[in-house]
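Take a look at the structure set out below.
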Amino acid sequence: MRVAVGGSTGQVGRLLNQALRNAGHDVVGLSRAVGFDLADTGVVNVLAERLADVDAVVDVTNVITQDRAESASFFSAVAENIGKAATAAGVSRTVLLSIVGVDGIPNDAHYAAKYLQEQTHREYAPGVHIVRAAQFHEFSEMVLEWGRDRDRTTVPDFPVRPVHLDVVVSALLEAAAGTPVSTMLDVAGPRPERLADMVTRLVRARGERLEVLAVPASPELNAGACIPGADALIAGPSFDEWLEGKYGIRVDPPRR
């Protein structure tokens, strides 16, 4: 197969590129680093040429911003441009990486923008399949830094079921190859967690002297909006196995 990857030089894109090649597929990279600004409205015709003879497009693009309008503009523009170009090029399948629960967290700018991205792909793209992933294990590192203030970090505390990146990449590869029958798949890790607990164990694994201050999240998040559905793909490694593999220290989860 010939598979195009939108966001091919990002965190997920790099891993997916390698996985696709290891599986014997041809990969077409799409990112600013290789000359494609997927959010630019003028890119559609050039992108359609790039997608000639492509069987599937996988969109793993991302933007980190707290600005609601900026986030919505980016994700909707990329989805529309990829969708229009893929349709024009005769691509048969589109795979989008999204997040578990995005349709139930309207007051969070990033999650709301990702849900808009899903809707835009469904409007413009051919053969849409959506892989909704739980928070990556690496999300704990991001949250720690977002809340850091001297010797303290403030963390919104809510239930999650974090997943290893390799599991997500495998699900995306199978979706691109046409393996799943369902057009929507939740993907999550083997152990339910709380985000503040994860960050606390991360701090211990790093050996940092840092207080983790847990604060309430939104009502939707507190109620479990990021917990996958009953039909989710559940696979390891767990967060603690990831911590041990990265930092070389075993940090046991709290007893409840």
(request) Based on a Kirkwood Rh over C-alpha pairs, give the Stokes-Einstein translational diffusion coefficient of the range 178-220 at 10 °C and viscosity 1.306 mPa s in µm²/s. (result) 116
(message) Just to make sure I understand: if all protein chains stay in place, what is the order of ASP197, ASP53 by accessible area at 1.4 Å, largest first?
(response) ASP53, ASP197
(message) Please list the three semi-axes, largest first and in whole Å, of the ellipsoid equivalent to the chain, using sqrt of 5 times the eigenvalues of its alpha carbon gyration tensor.
(response) 33, 19, 17
(message) Can you compute 3J(HN,Hα) from phi for each residue in the range 22-28, using the Karplus curve 6.51 cos²θ - 1.76 cosθ + 1.60 with θ = phi - 60°, rounded to whole Hz and x for Gly and Pro?
(response) 4, 8, x, 8, 7, 10, 10
(message) What is the distance in Å between the Cα centroid of the range 158-180 and that of the range 135-150?
(response) 21
(message) If DNA, RNA and ligands are ignored and the probe is 1.4 Å, what is the ranking of ARG161, ARG191 by accessible area, most exposed first?
(response) ARG191, ARG161
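Carbon and sulfur together cover what percent of the accessible area of the chain at a 1.4 Å probe radius?
48
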(message) For the full complex of protein chains and a 1.4 angstrom probe, list GLU193, GLU211 by accessible area with the highest value first.
(response) GLU211, GLU193
(request) Mind checking the per residue accessible area of the chain for me, 1.4 Å probe, whole number of Å²? (result) 46
(message) Report the gain in length on full extension from SER73 to ARG206: 0.36 nm times residue separation, minus Cα-Cα distance, nm rounded to one decimal.
(response) 44.2 nm
(message) What figure, in Å² to the nearest 10, do you get for the accessible area of LYS84 with a 1.4 Å probe and non-protein molecules left out?
(response) 90
(message) If each residue of separation counts as 0.36 nm, what is the full-extension length gain between MET142 and VAL251 once their alpha-carbon separation is subtracted?
(response) 37.3 nm
(message) With +1 on the Cβ of every Lys and Arg and -1 on the Cβ of every Asp and Glu, and nothing else charged, how large is the dipole of the range 1-72 about its Cα centre, in debye rounded to the nearest 20?
(response) 240
(request) Determine the relative contact order of the chain: mean sequence separation of Cα pairs under 8 Å and six or more apart, normalised by residue count, in whole percent. (result) 18
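Find how much the distance from ASP149 to ASN107 grows on full extension, using 0.36 nm per residue of separation minus their present alpha carbon separation; answer in nm with one decimal. Mind dumping the intermediate values first?
Working: separation 42, 0.36 × 42 = 15.12 nm, distance 2.50 nm.
Using 0.36 nm per residue and subtracting the Cα-Cα distance, I get 12.6 nm.
The values are calculated or read from the model by the stated rules, or taken from the named source; none is laboratory data. Just so it is clear, the model here is predicted, and its values are computed rather than measured. Here Cβ is always computed from backbone atoms with ideal geometry, including for glycine, and neighbour counts include all displayed protein chains. The protein model used for the area step is the full one, side chains on, heavy atoms only, and it has no ligands, DNA or RNA in it. Shrake-Rupley method; radii C 1.70, N 1.55, O 1.52, S 1.80 Å.
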